[in-house]
Amino acid sequence: MEFSKPVLDYAALWPLMVVLGTACVGVLVEAFAPRRRRFLVQVGVAAVGLVTALVGTVVVGSRLDAVEGGAKGVVTAGGTIAVDGPTVFLWGLVLALALSGLLLFAERRLEGGVTGFSGQAAALPGSEAEREASAAGLEHSEVYPLLVFAVGGMMLFPAANDLLTMFVALEVLSLPLYLLAGLARRRRLLSQEAALKYFLLGAFSSGFLIYGIALVYGYAGSMEFGAINEAVRNGVGSRGLLLTGIGMVAVGLLFKVGAVPFHAWTPDVYQGSPTALTAFMSAATKVAAFGAILRLFYVAFGSERWSWQPVLWIVAILTMVVGAVLAITQDDVKRMLAYSSIAHTGFLLTGVLGLQGAGQLGEGEISSLQAVMFYLVTYGFASLGAFAVVTLVRDAGGEATHLSRWSGLGRTSPVVAAAFAVFLISMAGIPLTSGFVGKWSVFAAALAAGAWPVVVTAVLTSVVAAFFYVRVIVLMYFADPVGEGPTVAVPSVLTAGAIAFAVAVTVALGLLPGPVLDLAGSAGQFLR
């Protein structure tokens, strides 16, 4: 068999290449730049790379050529990468969230002139080496190329058009996150525990994924999504092999979004990781993973949807119920937001269940893909903004995440409390915020596909979820401060800018959702 090299469409792939190239430049900076200058150089390199990639994404999106079936884009790199409308939309969203996350990573005022990442990760917690590193003001500037590598994986993940590329993208985005989770400057043992749990469970889920890929390949004889869909449509091979492969691949992907019963890592990792990382990870990882889920189940397994949709019904219902109910019992704000994230995963899966065949949508109806992509925008900025606010409420031990420390925050710091209330109201799905429009869109898409039991469950769990969101708002505005009351640190323009931008997006999409909904709709469908 003669090998033929893949042809790369550089005009379509250059934003992704810019991001990966920026990460490599960051590694070189870490090796050769003087230590005292690394922080500024690394932040500058990462910012320039991400902004350039974002501009490039807009340019690529404006030049996509229309193809058959109402889709537009190009399949390149030997059929392994698809740059189409949904890919470009998700690229833009990931890069926008990454730029906000970079601002949080670079915040130094809250920790007295250093970032929230450990000065020396190899030092034992509480050891003399750690104290010396802290006293010397050391910090890990490696976090910036790690962040950019993760962004590169997040861009490749929803663009992957074959199973092997999807697996590589998953590992590229996951490995930097495993490392970053263990680099918190404070509560080092909790951070290291989070990193270990994330790594072990992530490796376990990757094992399921790669074995499922092998089974699907054994069934279809190809890794490419289009060829897999053709094999499924023609009914070749063993059906049991196919269904087992789909199930195992689904386990690996559902782990990344924190769906029940693969959610156990989420509260521990969200609580123990540096909060700047938690903010970025909670938003951007979900965007990339749901992009991959949509492409995989729409393009590769779309002809088999009557087999996997009932399973996703059950997973979506369990995810919403478990996330909403367990969030009520939490007294730590980061764990509460973690279980909230699980519930929102269930809402997003409700939108995925709206998948229908071509031509089945009525006039004016919102497609499943359009609804899920819009929801990812609304949840992404609300979640990132909420965790960014968490970094501001502090005591002598660092971030004060116990809910009792938030009592009376509306009196002592009304601006911070108001921003947090906006994010909570949006995540609760209350009208005039982006969260309401996002929930309405995914519920409408699922209802149009006949998944009304899931929609009913989603509405009921939304009511339950509203309780613990409103509870925090009541605590901030109507409860008396405990002791001297919560202390709110004054951030630099970096964190303040990230929070302000998230508030603006949340409010704007609640009042004027049309432009972004239209943008998601104009992205078209996945290339098949």
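Each Lys and Arg Cβ is given +1 and each Asp and Glu Cβ -1; about its Cα centre, segment 149-252 then shows a dipole of about 580 debye. Only Lys, Arg, Asp and Glu carry charge here, each on its Cβ (+1 for the first two, -1 for the last two); on that basis the chain has a dipole of about 540 debye about its Cα centre. When the listed pairs 197/439; 5/256; 256/439; 72/256 are checked against a 25 Å cut-off, the alpha-carbon distance exceeds it for 197/439; 5/256; 72/256. Rounded to the nearest 500, the 222 nm mean residue ellipticity of the chain from helices alone is -22500 deg cm²/dmol, with -39,500 (n - 2.57) taken per DSSP H run of at least 4 residues. Working from Cα pairs under 8 Å separated by at least six residues, relative contact order for segment 10-522 is 14 percent. Looking at segment 25-90, the trypsin sites (Lys or Arg not before Pro) that sit in a DSSP loop and have at most 15 other Cβ atoms within 10 Å of their own Cβ are 63. Within segment 20-39, list the residues whose amide N lies under 20 Å from a label point set 7 Å along Cα→Cβ of residue 47. Within reach of a label on residue 47, which here means backbone N under 20 Å from a point 7 Å along Cα→Cβ, segment 20-39 contributes 20-30, 33-39.
Fewest neighbouring Cβ atoms within 10 Å first, the residues 344, 402 line up as 402, 344. Counted over all Cα-Cα pairs of the chain, pairs farther apart than 45 Å make up 10 percent.
Would segment 395-470 count as rounded, prolate or oblate if I go by the C-alpha gyration tensor, calling it rounded below 1.5 in a/c and otherwise prolate when a/b exceeds b/c, oblate otherwise?
Note, shape of segment 395-470 comes out prolate.
The local environment of residue 489, defined by Cβ-Cβ distances under 11 Å, has a net charge of -2 under the rule Lys, Arg +1 and Asp, Glu -1. Take the chain and mark each of the GluC sites (Glu not before Pro) that is in a DSSP loop with at most 10 other Cβ atoms within 10 Å; the longest unmarked stretch, sites excluded, is 3-362. Here the simple spin-label model places points 7 Å from the Cα toward Cβ, and for residue 40 and residue 62 these points are separated by 3.4 nm.
All of the numbers you see were taken from the coordinates with simple rules; none came from a lab. Since the model is a prediction, treat every value here as computed from it, not as a measurement. Note that we place each Cβ from the backbone using ideal geometry, even for glycine, and neighbour counts take in every protein chain shown.
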